[in-house]
1. Quick check, is THR82 modelled with pLDDT under 95, over 19 Å from LEU2 (Cα atoms) and among the polar types (S, T, N, Q)?
2. Give the range 29-43 a look and list any residue that's buried (at least 20 other Cβ atoms within 10 Å of the Cβ) and farther than 30 Å from GLU178 by Cα, or say none.
3. Quick one: in the range 150-159, of everything that is outside any helix (DSSP H, G or I) and free of Cβ contacts under 8 Å to residues at least 60 places away in the same chain, which residue is surrounded by the fewest Cβ atoms within 10 Å (Cβ to Cβ)?
4. Select from the range 119-150 the residues that are of a type in the set (Lys, Arg) and modelled with pLDDT of 95 or more and write down the one among them that is nearest to LEU206 (Cα to Cα).
5. For residues that are of a type outside the set (Val, Ile, Thr) and touching a residue at least 40 places away in the same chain (Cβ under 8 Å), scanning just the range 182-202, find the one that is nearest to ALA159 (Cα to Cα).
6. Can you pull out the residues in the range 109-131 that are of a type in the set (S, T, N, Q) and buried (at least 20 other Cβ atoms within 10 Å of the Cβ)?
7. Picking from ASP161, ASP116, ASP212, which residue would you name as being at pLDDT 95 or above, among the charged types (D, E, K, R) and out of contact with any Ser or Thr (no Cβ under 6 Å at 6 or more places or on another chain)?
Amino acid sequence: MLSDLAAVRDIANGHMLEFLDTKRIVAVSDAVRSVTFSDTILFFTKGESDIELRCLLIVVSEIFHKAYCRSVPVRAGISFGTFYFNFEKSMYAGPALIDAYRIGESAQWLGIALADSVKEKSMALNMTTGKSKVVVSWALPVKNGAIPCSVINWPAAFAHDFKVAPPISTEQFYKAFEPTFGPFRQLAPQVQDKYRKTVKFLNEHLIRHITDDLR
């Protein structure tokens with residue numbers, strides 16, 4: 001599974017992104033840096049430009065999607081702020097790192113959550129996929145309920161890859177993970193709930209995206 005995650009990372013790092021509105025072509029490796037710790041991949045930009053943020057949002061979304069296609073469950077957090085790094089000494093620190101870690105780890109689902117520090121900056125990009133917004137508001141499930149949050153609309157971004165028409169059942173979604181984690185019914189109740197909450201988000205935004213595109 002770790003090898004599959006690393007392979008997904010390497011493929012994403014090799015992408016070239018073309019932004020039609022600005023007529024710019026950007027190599028992901030020029031805009032986004034990465035470092036891997038076991039089952040965690042840290043992505044960051046050196047600057048704070050809109051183009052770098054756009055690249056980061058796309059790369060993280062691509063990693064999430066391709067990891068799922070390889071049966072690797074992923075959750076992620078994205079933040080904005082001060083971040084210090086030293087590749088030679090393998091040192092990484094700063095409030096932005098803590099911010100991203102907290103929002104990502106607190107989420108009780110598979111998905112990509114945005115910290116408050118990057119919310120307005122991400123929404124201001126007004127990125128779309130078809131007629132759907134890439135950044136949407138959602139009641140992010142956490143251990144003690146839910147909190148208002150901005151998240152990445154990955155079901156809309158990758159709607160073309162779904163082979164089953166929605167609504168998709170939790171068992172259908174989980175099928176890809178069963179060889180690794182065992183039958184869904186044998187999972188702990190709180191783990192089952194993570195998948196149910198993921199599928200709730202998936203169905204609502206996938207159906208909305210399909211419906212909007214048909215209008």
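1. Taking the combined requirement at face value, the residue does not satisfy it.
2. ALA31, VAL32
3. Among residues in the range 150-159 that are outside any helix (DSSP H, G or I) and free of Cβ contacts under 8 Å to residues at least 60 places away in the same chain, the one surrounded by the fewest Cβ atoms within 10 Å (Cβ to Cβ) is SER150.
4. LYS133
5. Checking each candidate, the answer is LEU202.
6. The one that is of a type in the set (S, T, N, Q) and buried (at least 20 other Cβ atoms within 10 Å of the Cβ): SER122.
7. The match here is ASP116.
Results for (1) among the acidic types (Asp, Glu); (2) in a helix (DSSP H, G or I); (3) under 29 Å from ARG102 (Cα atoms); (4) within 16 Å of the chain's Cα centre (by Cα), shown as yes or no for each residue.
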{"site": "PRO148", "(1), (2), (3), (4)": "no, no, yes, no"}
{"site": "LYS175", "(1), (2), (3), (4)": "no, yes, yes, no"}
{"site": "ASP193", "(1), (2), (3), (4)": "yes, yes, yes, no"}
{"site": "PHE201", "(1), (2), (3), (4)": "no, yes, yes, yes"}
{"site": "ARG208", "(1), (2), (3), (4)": "no, yes, no, no"}
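The values are calculated or read from the model by the stated rules, or taken from the named source; none is laboratory data. This one's a predicted model, so the numbers in the text were calculated from it and none came from an experiment. Here Cβ is always computed from backbone atoms with ideal geometry, including for glycine, and neighbour counts include all displayed protein chains.
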